[in-house]
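Inspection log for the structure reproduced underneath, given as structure tokens.
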Amino acid sequence: MDWSWLEGVWLADHKIPIGKVSKVAFDWMKANLKPVFDFMSWVMEGLIAGILWLLETPHPLIIVALAVALTWYLQRNWKICLLVFVGFLFILNQGYWKPTMESLTLILASCVVCMGLGVPIGIAAAHRPKLYAAMQPVLDLMQTLPTFVYLIPAIVFFGLGMVPGLIATVIFVLPAPIRLTHLGVSTTPLALTEALTAFGATKRQVLFKAELPYAFPQIMAGLNQTIMLSLSMVVIAALVGADGLGVPVVRALNSVNTALGFESGFVIVVVAIVLDRMLRKGATR
């Protein structure tokens, strides 16, 4: 049956104004919330500048030694330590140390913001099932909406640079720590919390003595996911002026430079492997 008459008569003439409503909302926010966005930009610029200073000021070999020491503390495995050491030496050999530190700055800043927001929100959602039910569609939207769409309001509100890249990264990554923290806290055995309550423990004591220790593996898994998802955003963040490993990838794409593309791509893979091996076991402790 031909349904084209229905499209011509009704559907096309009664379009739901999603785009127009979104534009009106963003225009209102830009006109009325400028002080809020300026404050957010100032805070994030300070956070990014501080982390970048910590990573770029010491000699690269000092950063490598600290990374190996952290790996040994988390893993107690000399093979993984050797992998981390060789991975960082490969980055130095390829001449990508500065872009790597810039990408790590974006990743670490994203971890600070996402874990700082995600863990408390996840705890609140675990204690309030109705709140989590209301949050789920929003979290789904944040994870499924194409990440390029986030870049449009990020540019409008924050201009070009590392800050809009961080904002887009946070929006994409934040659902992971929220969901995993909620999972860990909500699956705490009821008998354990009831026993603490029977012995006179307050809600705060139940949270810190039972729920958070029980949820710690899931929270660490959320941190691991935050790092990996943030790393996946480095190329997209480069499109809005963020420095890092995404810049040579975008440059290679624009100039169809196969050598540069594979070179920078392999460095990103090495960084992903190094970070994953450093934290994988720690996330399951």
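Quick look at the values:
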{"quantity": "27 Å Cα-Cα reach of K98 towards lysines, excluding residues that sit fewer than 8 places from it in its own chain", "calculated": "K79"}
{"quantity": "5 Å-binned pair-distance histogram of the chain (Cα, whole percent)", "calculated": "1, 5, 10, 12, 14, 14, 13, 10, 8, 6, 3, 2, 1, 1, 0"}
{"quantity": "Largest-first principal axis extents of the Cα set of the range 114-261 (Å)", "calculated": "68, 29, 21"}
{"quantity": "Whichever aspartates and glutamates have a C-alpha closer than 15 Å to that of K15, once near sequence neighbours (fewer than 8 apart) are set aside", "calculated": "E7"}
{"quantity": "Accessible area (Å², per residue) of the chain, counting only protein heavy atoms and a probe of 1.4 Å", "calculated": "57"}
{"quantity": "26 Å Cα-Cα reach of K130 towards lysines, excluding residues that sit fewer than 8 places from it in its own chain", "calculated": "K203, K209"}
{"quantity": "Phi-based couplings in Hz for the range 260-276 (Karplus 6.51, -1.76, 1.60; Gly and Pro marked x)", "calculated": "5, x, 5, 4, 5, x, 5, 5, 4, 4, 4, 4, 4, 5, 4, 5, 5"}
{"quantity": "Accessible-area composition of the chain, carbon plus sulfur, in percent [1.4 Å probe]", "calculated": "72"}
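The values are calculated or read from the model by the stated rules, or taken from the named source; none is laboratory data. As the structure is a prediction and not an experimental result, all values here were calculated from the model. To get the accessible areas, we keep the full protein, side chains included, count just its heavy atoms, and leave off ligands, DNA and RNA. Shrake-Rupley method; radii C 1.70, N 1.55, O 1.52, S 1.80 Å.
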